[in-house]
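Data block below; observations after.
The values are calculated or read from the model by the stated rules, or taken from the named source; none is laboratory data. None of these values were measured; they are calculated from a predicted model. All Cβ positions, even for glycine, are placed from backbone atoms using ideal geometry, and neighbour counts span all protein chains on display. Ligands, DNA and RNA are excluded from the accessible area calculation, which covers all protein heavy atoms including side chains. Shrake-Rupley method; radii C 1.70, N 1.55, O 1.52, S 1.80 Å.
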Number of protein chains: 2
Amino acid sequence: MNENAAAAAGPTAAINPCGACPVRGLAVCGVLEPDELHALAEIVHEVQRVHRQSVIVEGDEAHNFFIVTGGVASVEKLLADGRRQVVGFLYPSDFFGLAIDGCYAYSVTAVTNLSLCRFERQRYLALIDRFPKLEHRLLGMASNELAASQEQMLVLGRKTAREKVASFLSMLSERSRRLGRPPSPVWIPMTRGDIGDYIGLTTETTSRKFTQLRKEGLIAVLPDAMIELLDPAELKRIADGG
Amino acid sequence: MNENAAAAAGPTAAINPCGACPVRGLAVCGVLEPDELHALAEIVHEVQRVHRQSVIVEGDEAHNFFIVTGGVASVEKLLADGRRQVVGFLYPSDFFGLAIDGCYAYSVTAVTNLSLCRFERQRYLALIDRFPKLEHRLLGMASNELAASQEQMLVLGRKTAREKVASFLSMLSERSRRLGRPPSPVWIPMTRGDIGDYIGLTTETTSRKFTQLRKEGLIAVLPDAMIELLDPAELKRIADGG
DNA sequence: TTATCAATTTGATACAGATCATAGGACATA
DNA sequence: TATGTCCTATGATCTGTATCAAATTGATAA
């Protein structure tokens, strides 16, 4: 069962798309070996959130470490007057909650119904001690994350609205392909507002650019929040600044 | 000798601000223990670059890993038509050159005259094997870097020109304070163009906002590329959208 | 000293995207 | 069936920043 099907099938299915196994997300991501997985399973707490509920809040004390096992969440930072920057979206097997000082540096909110594995910070740290190789892979994942952030800075700082939307669609398509799924159609469960807050546009401009790409025949909007990329190469060309 | 003095004293001093020791940057950053430092010293190559010279180029094969020991460099990504996004600035003790696949994901260019320690990738990887704790600290540094990137996304995506410039100045001041130096004045060796490409503005708008802050009595421009923060608290308030 | 070149500043104007306003559709609840 | 809420789409207008242009300053070299 893929993430699309999980969401399309409604709340119950979306909350736990993989049945009884709370650590499926861990297995899926290929990061863990059997003994590590077993050790993790002993200290895990299963958690669920519905659409728009928050999981952690920026500034709160960081007591927990999470892994997404079903659904999609947004990672966001807020300014005092309500302006919001989404710094990323989390999918099954993604983790979050590592805090530098004792507090979370961002909030995490459920974009769809969401299921998670929660680990108490102390017990997680003890586990890292037992399995030092975990850290090696965490560094690899952090490096990937860092490279993605830098790419996103280029999008936010230097691309036009049209290029931003094309970048967003190309990125999701590429991600889908990397996971061994078809690069199109892609599942876009987040709202135009969420996307706008991710790529630095308003809801209205984001909507207008989607419409523009649709009228040009570059994308098609399908039911169930699916978007078909009718000309992925051209979208990539637009995303890269023509 | 601090970084300001190194630059102010001219090219020769700037290239090697600490005399004969090529690994001073490593010692300074507090990341290494004596035996690790000793092992590193054996495989290090000293490298220098002058103002505006490039160190690595986005897309090149990643054969080397670097640590800055003197001067300042910019990390940047380019679009085909020349648009540039500076994703960060590097100071003594900062490292770069870790590539996910085999190629660099960004270019690094000297902002001032620059001295570096270069390590061949293979030998560096062998060292990591010998000193696993190195990896623990690299993860810590990568986490910090990631948090900084997310903060920068908020700046790029959601702040006004005025807030962007105030954020930039506050950040440098805070960094200076964290390193145990006075929070003002701060050394700004990069041009208005470099700063603009970092915070997502043009040279002209960046210059205008500096002028505006100066006329409001919030900053003063001193000789030798020093900027005094006359009201750090108010600048921070502006930066935070207050 | 004068010439050269890069960086900064300032002014005038243009425009991409924000803001404000409205309407329709999907979906949940009463 | 009615009612409310959220999301998307789209039109009209406004504005912050980009763009284009030119003068000024400062550093380096001849």
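At a glance:
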| read-out | value |
| --- | --- |
| Residue that is farthest from the other protein chains (Cβ to nearest Cβ) [pool: residues in region A:60-85 that are farther than 25 Å from A:G196 by Cα and in contact with a Lys or Arg (Cβ under 7 Å, 6 or more places away or on another chain)] | A:T69 |
| Near pairs, Cβ below 6 angstrom, 6+ apart or cross-chain, from region A:159-175 (near DNA strand C (Cβ under 7 Å from one of its atoms)) to any residue that is among the charged types (D, E, K, R) and assigned to a helix (DSSP H, G or I) | A:A161/A:K209; A:R162/A:K209 |
| Which numbered condition A:R178 fails, given (1) touching a residue at least 24 places away in the same chain (Cβ under 8 Å); (2) away from DNA strand C (no atom under 12 Å from the Cβ); (3) within 21 Å of the chain's Cα centre (by Cα) | (1) |
| From the options B:Y104, B:Y91, residue that is touching a helix residue (DSSP H, G or I) at 6+ places or on another chain (Cβ under 8 Å) and outside the structural domain of B:T206 (by TED's automatic domain parsing) | B:Y91 |
| Restricting region A:190-207 to residues that are among the small types (G, A, S) and more than 13 Å from A:V87 (Cβ to Cβ), the residue that is nearest to DNA strand C (Cβ to nearest atom) | A:G196 |
| Residues of region A:198-219 classified as in contact (Cβ under 8 Å) with a residue 24 or more places away in the chain and either surrounded by 20 or more Cβ atoms within 10 Å (Cβ to Cβ) or small (G, A, S) (or both), total | 8 |
| Of the criteria (1) closer than 27 Å to A:G140 by Cα; (2) at pLDDT below 60, which one A:A8 fails | (1) |
| Filter result (more than 8 Å from DNA strand D (Cβ to nearest atom) and open to solvent by 70 Å² or more (accessible area, probe 1.4 Å)) within region A:181-194 | A:R181, A:P182 |
| Only one of A:L26, A:L90 that is modelled with pLDDT under 70, within 29 Å of A:Q152 (Cα to Cα) and open to solvent by less than 30 Å² (accessible area, probe 1.4 Å) | A:L26 |
| Within region A:101-143, tally of residues that are within 12 Å of another protein chain (Cβ to nearest Cβ) and aromatic (F, W, Y) | 2 |
| Residue check, B:S93 under 22 Å from B:V50 (Cβ atoms) and part of a strand (DSSP E or B) | no |
| Hits in region B:54-78 - residues which are open to solvent by 20 Å² or more (accessible area, probe 1.4 Å) and assigned to a loop (DSSP other than H, G, I, E, B) | B:V57, B:E58, B:G59, B:D60, B:H63 |
| Candidates A:E228, A:E234 - the one that is within 16 Å of DNA strand D (Cβ to nearest atom) and either more than 21 Å from A:A73 (Cβ to Cβ) or more than 14 Å from chain B (Cβ to nearest Cβ) (or both) | A:E228 |
| Selected residue [of a type outside the set (K, R), away from DNA strand D (no atom under 14 Å from the Cβ) and within 11 Å of chain A (Cβ to nearest Cβ)] from B:L218, B:L146 | B:L146 |
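Results for (1) more than 10 Å from chain B (Cβ to nearest Cβ); (2) within 16 Å of DNA strand D (Cβ to nearest atom); (3) open to solvent by 50 Å² or more (accessible area, probe 1.4 Å), shown as yes or no for each residue.
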| position | (1), (2), (3) |
| --- | --- |
| A:L156 | no, yes, no |
| A:L172 | yes, yes, no |
| A:G196 | no, yes, no |
| A:P223 | yes, yes, yes |
